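Down below is the structure, laid out as structure tokens.
The values are calculated or read from the model by the stated rules, or taken from the named source; none is laboratory data. Owing to the predicted nature of the structure, the values given are computational and were not obtained by experimental measurement. Neighbour counts run over all protein chains shown; Cβ positions are idealised from the backbone, glycine included.
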Amino acid sequence: MIKFLNKTINSMNIPFTIRIALKNSDSQADNIMIDTYERMNRYLEQMDLKFSPFRENSLVSKFQRGNREPLLNSEVFESVYSKTVIIGELSNGSFDVYFNGDPTRLIKSYTIERAFDKFLVPLFDYDNIVGISLEGDGDTKFAVRPSTDFEWELGTSLETYNLRYGAISTVEINGREKYLKKDELDAIQSIAIVGDNLIDTNIWANVGLASGTNKFVNLIENSYLSGMLIDNEESITFAEGILNRNNHAEEVKIK
């Protein structure tokens, strides 16, 4: 039976949860988790110093004050910006190239991607480890050892996914927006996008939330997206651009 080790780091104003799936629990696995936690914690502290929106001199704060210097001098901003340019064009402006004014969520997605590759992927050198996962604020990056049949179980408000590799981003409308849009039938309440890259899935999830269902279904089909959404009228699951629509919003509506 698969065993699990979990450890949470509070950084960048959100909890990041490390999950390791093991064939067996042992002292070596405990030591590996402690070492991984400590090294990742130091990395996240560095990212927080550079990118926290609550620090006056961080790159995010400078960007939000209209300073475009971070786009020129930061590898993180440059990497995330290149993604927003492509998806901004595909979405016909539903997500602008300047992160809709707030790059924080995308930088968090980038941070998870980098921390996952830097600290978790090397753990497959230990035969006892069969799965790795890093989650933060609705974004999850995960993988399994190729030789195992283990799958990660990832739940959303509508669908449970059993997956081996990839990324999933889940976004829900906040309480104020939910009230303001309660009479808009296509206003999306909850959306999850499944893919390979966490920055991509995060951007697409936020594009969907901003677009509404009527516009977003065309993007789902044209961009071969996978995931689920719930709006004020219906629920939709989709896989590689193929839609499955259910007009029973009263049964699935988020309370």
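What are the residues in the range 113-161 that are of a type in the set (A, V, I, L, M, F, W, C) and assigned to a strand (DSSP E or B), if any?
Within the range 113-161, 129, 130, 132, 134, 142, 143, 144, 152, 154 meet the criteria.
Taking residue 2 as the residue in question, decide whether it is surrounded by fewer than 19 Cβ atoms within 10 Å (Cβ to Cβ), in contact (Cβ under 8 Å) with a residue 40 or more places away in the chain and of a type in the set (A, V, I, L, M, F, W, C).
The answer is yes for residue 2.
Quick one: which strands (runs of 3 or more DSSP E) sit completely within the range 162-251 and have at least 2 residues that are modelled with pLDDT of 95 or more and surrounded by 13 or more Cβ atoms within 10 Å (Cβ to Cβ)?
Working: elements: 166-172, 188-195, 226-231, 235-239, 242-246.
Ranges flagged: 166-172, 188-195, 226-231, 235-239.
Within the range 109-124, restricting attention to residues that are in contact with a Leu (Cβ under 8 Å, 6 or more places away or on another chain) and of a type in the set (Val, Ile, Thr), which residue is surrounded by the fewest Cβ atoms within 10 Å (Cβ to Cβ)?
Residue satisfying both the conditions and the ranking: 112.
Please give the number of the condition residue 49 fails out of (1) within 22 Å of the chain's Cα centre (by Cα); (2) assigned to a helix (DSSP H, G or I); (3) touching a residue at least 12 places away in the same chain (Cβ under 8 Å).
(3)
Quick one: would you say residue 61 is surrounded by fewer than 13 Cβ atoms within 10 Å (Cβ to Cβ), small (Gly, Ala, Ser) and either part of a helix (DSSP H, G or I) or not assigned by TED's automatic domain parsing to the domain that holds residue 104 (or both)?
no
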